[in-house]
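Read the structure below first, then the notes.
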Amino acid sequence: MAAPTPGRPVLTHLLVALFGMGSWAAVNGIWVELPVVVKELPEGWSLPSYVSVLVALGNLGLLVVTLWRRLAPGKGERVPIRVVQGLLLLLPPPSVPTGGLGSGLQVGAPGAEEEVEEASPLQEPPSQAAGTTPGPDPKTYQLLSAHSACLLGLLAATNALTNGVLPAVQSFSCLPYGRLAYHLAVVLGSAANPLACFLAMGVLCRSLAGLGGLSLLGVLFGGYLMALAVLSPCPPLVGTSAGVVLVVLSWVLCLGVFSYVKVAASSLLHGGGRPALLAAGMAIQVGSLLGAVAMFPPTSIYHVFHSRKDCADPCDS
């Protein structure tokens, strides 16, 4: 076996980082333009729901390739897998940015190692096969333990909310207060995501009860935003500065809290090795897809949420 090139790990991490940043710049660039185009395109206020579903479906390619590599790790399978991986360069990274949609930095933890690692998680770790320092003690990290199951469930639920449910109704919760409110919610929400990720790098909550409490706080903010969307186009405090401040602040805090929870859960699962990282990635993708698909019918087919008509003010009565 050839000796590993010293600069290869650094180059690999750099390429993964550039790939992730390039993909996020593209998808976030589209999302922050929604306040400008949502009133001009035929989909109207339902446009964010379409974008959420399309990005979630695009991410399925990453999940399929990861599972394919685990179930068919033979050398004969690698040529078609490489072709599919090349096509995946056209797809967004393993999460959806929301102007908030997303999980930018926290997905790098469970996804990066899985995409560059050649070995199956069910095989013996390379470090043990080479006779070097062994990996984590399997008795210490149990993938199917109650603690890990709770973390995976928390990861799936938070991604379903931030990558599917809430982004689909963001226009209905913000546009009654004006296009400026929508724009601020998208841009500041996108900024809250990486700030929360950096906070988790310095101050990491390792308590499951603490993460559950933070998730409950995020659900309270999300419930307020969902209530505004249901009451659209005439939510409380419409036409007032207080209404604008509350809706923007709720989006920023909601996405920031959930982003921190996702980073913390992913970091705790990181100790379980590659099987835990694979499970975390699957929880992220499945949760995001279920959330986006579940919200598409009420927003885009049955029109449960209502938009404001041009040249009319239904809140005047």
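Quick rundown of the values:
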read-out: All positions within the range 1-39 that are modelled with pLDDT of 80 or more, in a loop (DSSP other than H, G, I, E, B) and open to solvent by less than 70 Å² (accessible area, probe 1.4 Å); value: Val32, Val38
read-out: Residue within the range 230-253 that is crowded, with 19+ Cβ neighbours inside 10 Å, in contact with a His (Cβ under 8 Å, 6 or more places away or on another chain) and part of a helix (DSSP H, G or I) present; value: no
read-out: Count of residues meeting criterion [under 21 Å from Leu184 (Cα atoms) and in contact with a Cys (Cβ under 9 Å, 6 or more places away or on another chain)] in the range 194-218; value: 1
read-out: Residue match in the range 200-208 (condition: outside any helix (DSSP H, G or I), touching a residue at least 40 places away in the same chain (Cβ under 8 Å) and open to solvent by 50 Å² or more (accessible area, probe 1.4 Å)); value: yes
read-out: Flag for Ser300 being in contact with a Phe, Trp or Tyr (Cβ under 9 Å, 6 or more places away or on another chain), of a type in the set (Gly, Ala, Ser) and open to solvent by 20 Å² or more (accessible area, probe 1.4 Å); value: no
read-out: Condition check for Leu220: buried (at least 17 other Cβ atoms within 10 Å of the Cβ) and under 20 Å from Val165 (Cα atoms); value: no
read-out: Positions within the range 262-297 being open to solvent by less than 10 Å² (accessible area, probe 1.4 Å) and charged (D, E, K, R), in sequence order; value: Lys262
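To keep it simple, each residue is scored yes or no on (1) of a type in the set (A, V, I, L, M, F, W, C); (2) more than 17 Å from the chain's Cα centre (by Cα).
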| residue | (1), (2) |
| --- | --- |
| Val219 | yes, no |
| Lys262 | no, no |
| Gly272 | no, yes |
| Gln285 | no, no |
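The values are calculated or read from the model by the stated rules, or taken from the named source; none is laboratory data. All values reported here derive from a predicted model rather than from experimental measurement. For neighbour counting, all protein chains shown are included, and Cβ atoms are generated from backbone atoms with ideal geometry for every residue, glycine included. Surface accessibility is based on the protein's heavy atoms, side chains included, excluding ligands, DNA and RNA. Shrake-Rupley method; radii C 1.70, N 1.55, O 1.52, S 1.80 Å.
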